[in-house]
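Supplied in structure tokens, the structure appears directly below.
The values are calculated or read from the model by the stated rules, or taken from the named source; none is laboratory data. If you're wondering where the values come from, they're calculated on a predicted model, not measured in any experiment. Reconstructed Cβ throughout: ideal geometry from the backbone, glycine too, with neighbour counts over all protein chains shown.
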Amino acid sequence: MAEELLRREAADTVEDILRTGFDEHRAYVNPIVSQRAGLAGEPVKLVGTNAGALVDRQGGEIEDFHGTQAFGHRHPAIAAAVRAFLESDAPSWFPTRVNPFAGRLGRRLFERTGYDNTYLACTGSGAVEAALKLSRALTRRPRLVGLSGAYHGCTFGSVSLMGEGFLREPFGPHLPGAETIPFGDVDALARALAPGDVAAVVVEPIQGEGGVRALPEPFIEALCELTERHGTLLVADEVQTGMGRTGRGILATHDWPRRPDAVIMAKHLGGGLVPVSVMLTSRELFMKAYGSSIAAGEAHNETMGMNGVGCVAALAALELLTDETIERIATTGAWLRGEFAGALEGLSLFREIRGAGFLLGIALTESDHPWLTFEHFELPGLEGKAAIASLLAHRLYRRGFFCYPCGHDWSVMRLQPRYDIPEERLAELVRAIHEELEKLCRIA
């Protein structure tokens, strides 16, 4: 038995895993995901990185527009920070829960955002749960309100505030007291808050999975005014928009009429290398919610949320997120949006370009041509789903661009490039999307 274990450990090298692990994922993890990737023609066997891009087994480079890798895959500065930590003998987890690495990260986040209380988790969903529990512990109110088209994660509280569809419906009954109102509807918001029993309203400044939809300015103004009037917590889910993604600052909500009571960041906070997320709030609200006793201070907790590896990765990511980087996101994002508008205007399948900074969406029009539908490909369960964005993504894979449709609105292709992507590469993307969409228009 010991010899068998030694042989197994010797085989578990990076090289060996990259050789056989893709097939093992199909066999032992999720065969449906592997089937989808194969049917879509996605570049699955990615075995390396080069200057922030992915490299496949044939040596081809793939530019990733999913948005989790804001600083590119395996940024050397973030990898070096993690490597230095692992080469030290410092603990990563502290049984007292007093973690100095969490303390330093909390300080840096305060310096950048003004929020003086930090709760660290491993996922965006975990940070959303922390905000929901904070709101109920603070207000003792039962109701939680989200917006249609929202995406907040995969835990029960997060799912309960999500837009209808395959990401939500299989998991009912949902969290009692959780509900959604129509996106951007001021009157619906006012009606929801009028009884005075709403603990929190949770919103995304720009909905990612909902079709790259920015909250309308009148709704933002009403949201800030009405939540304050009714004593309801305003929670901003900035998993997609935070860390400079919109080019408006480290947080997209920094110029709202009032600062949200809690803000959530995740994904690229750990530099795309280590899972880490955060719920930011004020020390005043935290103490009102959990300061009744020493025991209550740990009423909400996540065992590995405060670990040293995640914290040093996040510290390195914050170092990379300079004012100059955020300004580049703003200016290059505006240029890219203009390039898309000019290149795609007049194509019959193009509707509009949406978003801000490096969070953009290309809204497409569906075709009734049978070759441009999921029914044509006889894929069960996808009848009636928008197909053009998926077909366009399929064509872009072959040109070295990994793009994909929004989860709730398959008619919109979401684009979230890494922050240091060269403009020449973005220009190549514009050309590729124009050429491939034009080909689809000829069929339509």
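Conditions (1) at negative phi; (2) part of a helix (DSSP H, G or I); (3) in contact with a Lys or Arg (Cβ under 9 Å, 6 or more places away or on another chain), marked per residue:
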position: V202; (1), (2), (3): yes, no, no
position: E209; (1), (2), (3): yes, no, yes
position: P218; (1), (2), (3): yes, yes, no
position: E221; (1), (2), (3): yes, yes, no
position: C224; (1), (2), (3): yes, yes, yes
position: V239; (1), (2), (3): yes, no, yes
position: G247; (1), (2), (3): no, no, yes
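Any residue that is under 30 Å from A299 (Cβ atoms) and among the hydroxyl-bearing types (S, T, Y) - is there at least one of those in the stretch 92-102? Working first, answer last.
So in the stretch 92-102, the residues under 30 Å from A299 (Cβ atoms) come out as 92-102.
So of that shortlist, the ones also among the hydroxyl-bearing types (S, T, Y) come out as 92, 96.
Yes, that holds for at least one residue.
Separate question: Report the residue count in the stretch 89-112 for those that are among the aromatic types (F, W, Y) and assigned to a helix (DSSP H, G or I). Break it down into steps so the answer makes sense when it comes.
Start the filter on the stretch 89-112 by keeping residues that are among the aromatic types (F, W, Y), which leaves 93-94, 101, 110.
Now drop any that are not assigned to a helix (DSSP H, G or I), which leaves 101, 110.
Residues that pass the stated criteria total 2.
Let me ask something else. Here is a list: A37, A11, A102, A53. Which entry is free of Cβ contacts under 8 Å to residues at least 12 places away in the same chain and either under 29 Å from I206 (Cα atoms) or hydroxyl-bearing (S, T, Y) (or both)? Break it down stepwise before answering.
Working: A11 fails: either under 29 Å from I206 (Cα atoms) or hydroxyl-bearing (S, T, Y) (or both); A102 fails: free of Cβ contacts under 8 Å to residues at least 12 places away in the same chain; A53 fails: free of Cβ contacts under 8 Å to residues at least 12 places away in the same chain.
Answer to the check: A37.
Let me ask something additional. For the list (1) buried (at least 24 other Cβ atoms within 10 Å of the Cβ); (2) in a helix (DSSP H, G or I); (3) not small (G, A, S), I need the number of the one condition that E284 fails.
(1)
Still on this structure, please answer the following. Is there a residue in the stretch 75-88 that is in contact with an Asp or Glu (Cβ under 8 Å, 6 or more places away or on another chain) and more than 29 Å from G407 (Cβ to Cβ)? It would help to see each step written out before you state the result.
First, pick out the residues of the stretch 75-88 that are in contact with an Asp or Glu (Cβ under 8 Å, 6 or more places away or on another chain): 77.
If we keep only those that are more than 29 Å from G407 (Cβ to Cβ) too, we end up with 77.
Yes: the stretch 75-88 contains one or more residues that are in contact with an Asp or Glu (Cβ under 8 Å, 6 or more places away or on another chain) and more than 29 Å from G407 (Cβ to Cβ).
A follow-up question, please. Restricting attention to the stretch 100-116, report how many residues are crowded, with 20+ Cβ neighbours inside 10 Å and under 16 Å from S282 (Cβ atoms).
At the first step, the residues of the stretch 100-116 found to be crowded, with 20+ Cβ neighbours inside 10 Å are 101-102, 105-106, 109, 113, 115.
So of that shortlist, the ones also under 16 Å from S282 (Cβ atoms) come out as 106, 109, 113, 115.
Matching residues across the stretch 100-116 total 4.
Answer yes or no: is there a residue in the stretch 249-271 that is assigned to a loop (DSSP other than H, G, I, E, B), buried (at least 24 other Cβ atoms within 10 Å of the Cβ), under 23 Å from the mean Cα position of the chain (by Cα) and at pLDDT below 95.
yes
While we're looking at this one, here's another question. Six or more apart or on different chains, Cβ atoms under 9 Å: show the pairs whose first residue is in the stretch 279-293 and closer than 21 Å to V202 by Cβ and in the same structural domain as E111 (by TED's automatic domain parsing) and whose second is among the hydrophobic types (A, V, I, L, M, F, W, C) and in a loop (DSSP other than H, G, I, E, B).
L280/L251; A289/A299; Y290/A299
Something else about it: Suppose we keep only residues that are touching a His at 6+ places or on another chain (Cβ under 9 Å) and modelled with pLDDT of 95 or more within the stretch 387-418. Which one would you say is surrounded by the fewest Cβ atoms within 10 Å (Cβ to Cβ)?
Within the stretch 387-418, the first condition is being touching a His at 6+ places or on another chain (Cβ under 9 Å), and the residues that meet it are 387, 402-404, 414, 416, 418.
When the remaining residues are screened for being modelled with pLDDT of 95 or more, the result is 402-403, 414, 416, 418.
Numbers: F402: 17, C403: 24, R414: 25, Q416: 24, R418: 24.
By that ranking, first place goes to F402.
Can you pull out every residue in the stretch 117-137 that is surrounded by fewer than 21 Cβ atoms within 10 Å (Cβ to Cβ) and either among the aliphatic types (A, V, I, L, M) or closer than 16 Å to L315 by Cβ (or both)?
A137
Going by the structure shown, is L86 of a type in the set (A, V, I, L, M, F, W, C), modelled with pLDDT of 95 or more, within 30 Å of R259 (Cα to Cα) and not in a strand (DSSP E or B)?
Values: of a type in the set (A, V, I, L, M, F, W, C): yes; modelled with pLDDT of 95 or more: yes; within 30 Å of R259 (Cα to Cα): no; not in a strand (DSSP E or B): yes.
Taking the combined requirement at face value, the residue does not satisfy it.
Out of the residues in the stretch 143-184 that are part of a loop (DSSP other than H, G, I, E, B) and aromatic (F, W, Y), which is surrounded by the most Cβ atoms within 10 Å (Cβ to Cβ)? It would help to see each step written out before you state the result.
The initial filter retains those residues of the stretch 143-184 that are part of a loop (DSSP other than H, G, I, E, B), namely 148-155, 161-168, 172-177, 182-184.
Restricting the remaining residues to those that are aromatic (F, W, Y) gives 151, 166, 183.
Working: Y151: 26, F166: 10, F183: 21.
Checked the stretch 143-184; the qualifying residue surrounded by the most Cβ atoms within 10 Å (Cβ to Cβ) is Y151.
Would you please list the contacts, defined by Cβ atoms under 9 Å and residues six or more apart or on different chains, that run from a residue in the stretch 353-379 that is in the same structural domain as I329 (by TED's automatic domain parsing) and surrounded by fewer than 18 Cβ atoms within 10 Å (Cβ to Cβ) to a residue that is assigned to a strand (DSSP E or B) and among the basic types (K, R)?
So the pair list comes out as T365/R351.
Cβ-Cβ distance below 6 Å, separation of 6 or more or different chains: which pairs start in the stretch 297-325 with a residue that is in the same structural domain as T241 (by TED's automatic domain parsing) and part of a loop (DSSP other than H, G, I, E, B) and end on one that is of a type outside the set (F, W, Y) and surrounded by fewer than 18 Cβ atoms within 10 Å (Cβ to Cβ)?
Every condition considered, the pairs that remain are N307/S92.
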